[in-house]
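Structure, as structure tokens:
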């Protein structure tokens, strides 16, 4: 991946705070919108962190089928034609983080740093922290500019290295 594409990928994921989430719902595909924060661990693993309510269908979907896909897109006005809109599709595995988990506070801190208005929701019993770990991705960097990216390339681009 060239330097410009590497920078575009990192800017795309860091520059957005929401992603389309595709899940399997009652045997059929379903899409919803979730906010996310970013965590790149010392071992280089990228995880997107979200905070979801048990009342939401996508939460139950992730509990039943943790294999999901996220779609992060650039702002609509950033491309002359829709097909050139930069975007990355991220097949991921959802993992619910128990409040007793040693990393819970780390992930909650990441999320609250990005969404401080969500603090009161952490007191509600029906919300959970979920990490979404991409196994790789498919980046569309512009019209006729698509490429597969590895999990390591995603983490490096997001961390700016």
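Each value in this text was obtained by applying a stated rule to the coordinates, not by laboratory testing. Quick caveat, the model's predicted, so the values are computed rather than measured. All Cβ positions, even for glycine, are placed from backbone atoms using ideal geometry, and neighbour counts span all protein chains on display.
A few notes on this one:
- Being closer than 29 Å to residue 7 by Cα and in contact (Cβ under 8 Å) with a residue 40 or more places away in the chain is a description that does not apply to residue 64.
- All positions within region 121-161 that are assigned to a helix (DSSP H, G or I) and farther than 19 Å from residue 59 by Cα: 151, 152, 153, 154, 155, 156, 157, 158, 159
- Those residues of region 37-52 which are over 12 Å from residue 103 (Cβ atoms) and touching a residue at least 60 places away in the same chain (Cβ under 8 Å), in sequence order: 37, 38, 40, 44, 46, 48, 50, 51, 52
- Selection status of residue 40, buried (at least 16 other Cβ atoms within 10 Å of the Cβ), farther than 22 Å from residue 159 by Cβ and touching a helix residue (DSSP H, G or I) at 6+ places or on another chain (Cβ under 9 Å): no
- Top-ranked residue in region 7-26 [being buried (at least 16 other Cβ atoms within 10 Å of the Cβ) and out of contact with any helix residue (DSSP H, G or I) (no Cβ under 8 Å at 6 or more places or on another chain); ranked as farthest from residue 58 (Cα to Cα)]: 8
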